[in-house]
Amino acid sequence: MMLLRTISLILCLFGGAAFSRDLRDEMKRAAEFGKNTSSLLLRNEVRTHWSPDGSHLTWKVNTGKNELRYFQVDLKTGEKSPAFDHERLAKALAAATSKAVDANKIPLHDLAITADGAVHFRAFNKAWSYDVAQNEVSPDKRPPQASQLLAPEESRRRSGGSGEPSEVTIENATSDEVQMFWLSGDETTPYEKIPPGATVTQSTYAGHLWLIKKSDGAPLAAIEAGDAPTHARVTGRVPAPPRRRNDRSADGQWRAFIRDHNVFVEPTNGGEATPVSEGGTADDGFTGPLQWSPDSKKLVAFRVKKVATRQIHIVQSSPPDTLQPNLKTLNYAKPGDPIWQPIPRLFEIESRREIPIDSALFANPWDIFDLAWATNSSEFTFVYNQRGHQVLRIVGIRADSGSARTIFEDVSKTFIDYSQKSFIHHLPETGEILWASERDGYNHLYLIDSDSGEIKKQITQGNWNVREVVNVDAGKRQLLLKIMGVSGQDPYHMHFARVNFDGSGFTRLTAADGNHRMEFSPDGNFLTATWSRADHPPVVELRRADDGALVTELERADDSQLLTTGWSRAERFVAKGRDGETDIHGMIVRPTNFDPAKRYPVVEDIYAGPHDFFVPKNYSPWSGMRAMAELGFIVVAIDGMGTNWRSKAFHDVCWKNLSDGGFPDRIAWIKAAAATRPWMDLDRVGIFGGSAGGQNALAGMLHHGDFYKVAVSDCGCHDNRMDKIWWNEAWMGWPVDESYERASNVTHAAKLSGKLLLIVGEMDSNVDPASTAQVVHALQQADKDFEFLPIMNAGHGAAETPYGKRRRAEFLVRHLQAEYP
């Protein structure tokens, strides 16, 4: 009896607390709030229209809930004004079309205001012109913009997108009924059927892909919706575009091809095919691409020795269409595995002989790319990326002798970031090469003499990075660049600049303290620059394209209504890293019911993959970080040393050292933030991440368990020897050495302290799920307590499934928030 009373008392004391929070309901309410955040933003959805005559820029913007307004700016004077009287135009358009028109949402597309003040637009699938003085809308003679009809198979090579609302009109000019299908990823959704001779207008979004099929299911055409409404007249099956014929010689006299693993040529006007190579076999044969010299006398092919590719096997325990499990086998090379290494071979067509090439300069390729012939056919060149990614070399091969020379090369004691920063552009008319390199500690551009290999000019320089070469204008000898690292700003902000090939005339085209994107006017005289920050809503500016000078500010988004809900902008914070000198950048997100008098557990959303940086730089009203914060956390994200797009030295911290994860910088940053924010409780710090972030989350617990108390690790590449070859050799190097074992979470599993949840999708084809299983085994061998959650039928990123999200949230709440036993 005493025992029963004790149990009853315990249930009275704790039973209510155990069910005091319905986390499912909390997550649902947070998700619903997240869906509504965008509707509380004003003047943030801007869509521009450049006038054909270059006189005006017109734009549409959301000025209120369910309210759109149109404005214009005179490009000569910079004067802004309403594009028209919305009420008057709505009435005039209603009178012309006999349709109801709401002045707050006039359905205008393809809008243009010309120098004479006439307003041209499309509405209700017709073109119209509005005479402002007469307040009259009349039909316009402008033909509808024609859709570009694609061959059905081309839709598979397009990723699609989801831009602004648009329309596509389908005219069925065939003798058979056709049907529209919306393509989204691998899914095909049926839409309206269209009888012969009929026309249907379908609402869609710019970038959406549509497929037209006959009634028997035979595909006819594909359409990608544009920014403006378009008209597609379907007359039959759209043929596939002709394939580019690299097999034809420049003079059109010869065709080259691979037969029985050897290279053959034959006259294009008929005649016998003859071999120019010999000895090719299935295991050691010739392959493309085939590259003819401009004078049609020489030909380059590749020879490759095949190697067996590693396979991994994944069991799908619960297939949707059968009771018994399925076994899925994937080709999956891992670090250290043998790889295919194609080597270029040179042939002379007239003599049908191979010209031997000295391959000493490219004997161990990870990749050989950008093969190009000199215009006079004296030499061909290519870029050689040596396995291990410590040598990136431009090699030249003499066409007459096969002798090889190094034109230019970069060599690194750590790694060359080939996947993110390599750039080469040939200037054959002037015998020059544009090349990107981190040889001075930042990613910059160099002008190289292609004959001597000498650097003629370092085009850009300074403690900043060229992120992308947007355009090369060889005529003007000018470059348009995306750059990062503008002085006085967050070094990750994206800006645009122009510079001449000789390094002169460097001109920033964007200036505001924010992350930028840009669009030029059709005549190239103006540009719109849209910028925002994590803590600043978007701003749209009109600038001159020649010098970047500000003409006027078009729009500034307003989030005041959102702020009244308790929502707050993300907070940017900068602190010194492990060396006490380097700035580390991150952001802080608080819940909408934030109370500064309370103390909140801190959760870090981590991803420290060396290929990029990951703290958001653009304004966003909602994100996964905010969804987590709504459950009662302060959520932080940080880019520590070892991540990309700072200095080369900053990046090199990851070299053979992925277990570092930037944690000394992250912990210093969190402590610095908490020093002036008493509501951050550093006795309760958790961490979560997926993929490389899953590796990081567990590494944080293993190596810094005194700081991180709780971790959720999803689909982690916990041992870099178990993961895909390219990503891991890029940062851990080749050949595989003891650094791989040293960086492995499996190696250090016995160090676990605190609470750990491991998640993995059984169908993960990105990171071998055995990597997580091996961590589980190591933890069991070390007699460690932890939780393991495999999610059936889930692939990579299983923690982002609805079930995974809930279990991850519950685990963090349970172990970091005392009121939830």
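Would you mind finding the one in Val315, Val383 that is buried (at least 16 other Cβ atoms within 10 Å of the Cβ) and touching a residue at least 12 places away in the same chain (Cβ under 8 Å)?
Working: Val315 fails: buried (at least 16 other Cβ atoms within 10 Å of the Cβ).
Criteria check complete, one pass: Val383.
Of all residues in region 186-232, count the ones that are of a type in the set (Ser, Thr, Tyr) and within 20 Å of Asp176 (Cβ to Cβ). Don't jump to the end; show me each part of the working.
Residues of region 186-232 of a type in the set (Ser, Thr, Tyr): 188-189, 191, 199, 201, 203-205, 215, 230.
Subsequent filtering for residues that are within 20 Å of Asp176 (Cβ to Cβ) retains 188, 191, 199, 215.
Matching residues across region 186-232 total 4.
Could you list, in sequence order, the residues of region 340-382 that are on the phi < 0 side of the Ramachandran plot and among the hydroxyl-bearing types (Ser, Thr, Tyr)?
Filtering region 340-382 for residues on the phi < 0 side of the Ramachandran plot gives 340-351, 353-369, 371-376, 378-382.
Correct list: Ser351, Ser359, Thr375, Ser378, Thr381.
Does any residue of region 661-674 turn out to be acidic (Asp, Glu) and surrounded by fewer than 22 Cβ atoms within 10 Å (Cβ to Cβ)? Explain how you work it out, then say what you get.
Filtering region 661-674 for residues acidic (Asp, Glu) gives 665.
Next, from what is left, pick out any that are surrounded by fewer than 22 Cβ atoms within 10 Å (Cβ to Cβ): none.
No, that holds for no residue.
Looking at Val469, is it in a strand (DSSP E or B) and touching a His at 6+ places or on another chain (Cβ under 8 Å)? I'd like the intermediate steps shown before the answer.
On the way: in a strand (DSSP E or B): yes; touching a His at 6+ places or on another chain (Cβ under 8 Å): yes.
Yes: the conditions hold for Val469.
Would you pick out the residues in region 585-620 that are of a type in the set (Gly, Ala, Ser) and within 21 Å of the chain's Cα centre (by Cα)? Outline the logic, then answer.
Start the filter on region 585-620 by keeping residues that are of a type in the set (Gly, Ala, Ser), which leaves 586, 597, 608-609, 620.
Passing the criteria: Gly586, Ala608, Gly609, Ser620.
Find the residue count for region 456-492, including only residues that are among the hydrophobic types (A, V, I, L, M, F, W, C) and open to solvent by 30 Å² or more (accessible area, probe 1.4 Å).
Total satisfying the criteria: 4.
Failed condition for His815, given (1) closer than 15 Å to Phe688 by Cβ; (2) in contact with a helix residue (DSSP H, G or I) (Cβ under 9 Å, 6 or more places away or on another chain), with all others met?
(2)
In region 526-539, is there at least one residue being over 24 Å from Gly54 (Cα atoms), open to solvent by 30 Å² or more (accessible area, probe 1.4 Å) and not in a strand (DSSP E or B)?
yes
Going through region 186-234 one residue at a time, which ones are assigned to a loop (DSSP other than H, G, I, E, B), open to solvent by 80 Å² or more (accessible area, probe 1.4 Å) and either of a type in the set (Lys, Arg) or within 18 Å of Gln145 (Cβ to Cβ) (or both)?
Asp227
Test Asp639 against the criterion of being among the acidic types (Asp, Glu), under 24 Å from Val486 (Cα atoms) and in contact with a Ser or Thr (Cβ under 9 Å, 6 or more places away or on another chain), and give yes or no. Break it down into steps so the answer makes sense when it comes.
Details: among the acidic types (Asp, Glu): yes; under 24 Å from Val486 (Cα atoms): yes; in contact with a Ser or Thr (Cβ under 9 Å, 6 or more places away or on another chain): no.
When the stated conditions are applied, Asp639 does not pass them.
Which one of Pro325, Pro320 is free of Cβ contacts under 8 Å to residues at least 12 places away in the same chain and surrounded by fewer than 13 Cβ atoms within 10 Å (Cβ to Cβ)?
On the way: Pro320 fails: free of Cβ contacts under 8 Å to residues at least 12 places away in the same chain.
Answer to the check: Pro325.
Applying the selection to region 386-421, what residues are open to solvent by 50 Å² or more (accessible area, probe 1.4 Å) and in contact with a Ser or Thr (Cβ under 9 Å, 6 or more places away or on another chain)?
The answer is Gln390, Arg398, Asp400.
If we keep just the residues of region 263-286 that are of a type outside the set (A, V, I, L, M, F, W, C) and open to solvent by less than 20 Å² (accessible area, probe 1.4 Å), which is farthest from the chain's Cα centre (by Cα)?
Filtering region 263-286 for residues of a type outside the set (A, V, I, L, M, F, W, C) gives 266-272, 274-275, 277-281, 283-285.
Then drop every residue that is not open to solvent by less than 20 Å² (accessible area, probe 1.4 Å), which leaves 277, 280, 285.
On the way: Ser277: 42, Gly280: 40, Gly285: 36 Å.
Checking each candidate, the answer is Ser277.
Do you know which residues across region 635-676 are among the hydrophobic types (A, V, I, L, M, F, W, C), without any contact (Cβ under 8 Å) to a residue 40 or more places away in the chain and assigned to a loop (DSSP other than H, G, I, E, B)? Step through it out loud before you land on a result.
From region 635-676, those among the hydrophobic types (A, V, I, L, M, F, W, C) are 635-638, 641, 645, 649-650, 653-655, 658, 663, 667-670, 672-675; that's our starting set.
Subset that is without any contact (Cβ under 8 Å) to a residue 40 or more places away in the chain: 653, 675.
Selection gives Val653 alone.
When only residues in region 549-559 that are in contact (Cβ under 8 Å) with a residue 40 or more places away in the chain and open to solvent by 40 Å² or more (accessible area, probe 1.4 Å) count, which is farthest from Lys35 (Cα to Cα)? Working first, answer last.
Of all residues in region 549-559, those in contact (Cβ under 8 Å) with a residue 40 or more places away in the chain come to 551-552, 554-559.
When the remaining residues are screened for being open to solvent by 40 Å² or more (accessible area, probe 1.4 Å), the result is 556, 558.
Working: Arg556: 22, Asp558: 18 Å.
The residue in question is Arg556.
For Asp523, work out the one condition from (1) acidic (Asp, Glu); (2) part of a strand (DSSP E or B); (3) in contact with a Gly (Cβ under 8 Å, 6 or more places away or on another chain) it doesn't fulfil.
(2)
May I ask you to say which residue of Gly686, Gly700 is over 28 Å from Asn331 (Cβ atoms) and touching a Pro at 6+ places or on another chain (Cβ under 7 Å)? Lay out the reasoning, then the answer.
Details: Gly700 fails: touching a Pro at 6+ places or on another chain (Cβ under 7 Å).
Exactly one of Gly686, Gly700 is over 28 Å from Asn331 (Cβ atoms) and touching a Pro at 6+ places or on another chain (Cβ under 7 Å), namely Gly686.
Looking at Asn125, Asn135, can you tell me which residue is at positive phi and touching a helix residue (DSSP H, G or I) at 6+ places or on another chain (Cβ under 9 Å)?
Details: Asn125 fails: touching a helix residue (DSSP H, G or I) at 6+ places or on another chain (Cβ under 9 Å).
Going through Asn125, Asn135 in turn, the sole match is Asn135.
Quick one: which helices (runs of 4 or more DSSP H) lie wholly within region 705-816 and hold at least 3 residues that are surrounded by 22 or more Cβ atoms within 10 Å (Cβ to Cβ)? Can you show your working first?
Values: elements: 725-732, 738-743, 770-781, 802-816.
Answer list for region 705-816: 725-732, 770-781, 802-816.
Kindly establish whether Ser377 is in contact with a strand residue (DSSP E or B) (Cβ under 8 Å, 6 or more places away or on another chain), closer than 30 Å to Glu278 by Cβ, among the polar types (S, T, N, Q) and open to solvent by less than 30 Å² (accessible area, probe 1.4 Å).
Details: in contact with a strand residue (DSSP E or B) (Cβ under 8 Å, 6 or more places away or on another chain): yes; closer than 30 Å to Glu278 by Cβ: yes; among the polar types (S, T, N, Q): yes; open to solvent by less than 30 Å² (accessible area, probe 1.4 Å): yes.
Considered against the rule, which asks whether it is in contact with a strand residue (DSSP E or B) (Cβ under 8 Å, 6 or more places away or on another chain), closer than 30 Å to Glu278 by Cβ, among the polar types (S, T, N, Q) and open to solvent by less than 30 Å² (accessible area, probe 1.4 Å), Ser377 comes out as yes.
Would you say Ile343 is of a type outside the set (D, E, K, R), surrounded by 14 or more Cβ atoms within 10 Å (Cβ to Cβ) and more than 36 Å from the chain's Cα centre (by Cα)? Please lay out each step first, then the result.
Details: of a type outside the set (D, E, K, R): yes; surrounded by 14 or more Cβ atoms within 10 Å (Cβ to Cβ): yes; more than 36 Å from the chain's Cα centre (by Cα): no.
No; evaluated as a whole, the condition is false for this residue.
Across region 264-290, what is the number of residues that are in contact with a strand residue (DSSP E or B) (Cβ under 6 Å, 6 or more places away or on another chain) and under 12 Å from Lys305 (Cα atoms)?
Restricting attention to region 264-290, the residues satisfying the condition of being in contact with a strand residue (DSSP E or B) (Cβ under 6 Å, 6 or more places away or on another chain) are 264-266, 268, 273, 275-277, 280, 284, 286-287, 290.
Narrowing the set further to residues that are under 12 Å from Lys305 (Cα atoms) leaves 280, 284, 286-287.
Within region 264-290, residues that are in contact with a strand residue (DSSP E or B) (Cβ under 6 Å, 6 or more places away or on another chain) and under 12 Å from Lys305 (Cα atoms) number 4.
Here's the yes/no breakdown for (1) touching a Leu at 6+ places or on another chain (Cβ under 8 Å); (2) of a type outside the set (A, V, I, L, M):
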site	(1), (2)
His611	no, yes
Val615	no, no
Met641	no, no
Arg666	no, yes
Arg677	no, yes
Leu682	no, no
Leu702	yes, no
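The values are calculated or read from the model by the stated rules, or taken from the named source; none is laboratory data. Keep in mind it's a predicted model, so treat the numbers as computed, not measured. Cβ atoms come from the backbone with ideal geometry, glycine included; neighbour counts cover every protein chain shown. Accessible surface areas use protein heavy atoms only, side chains included; no ligands, DNA or RNA. Shrake-Rupley method; radii C 1.70, N 1.55, O 1.52, S 1.80 Å.
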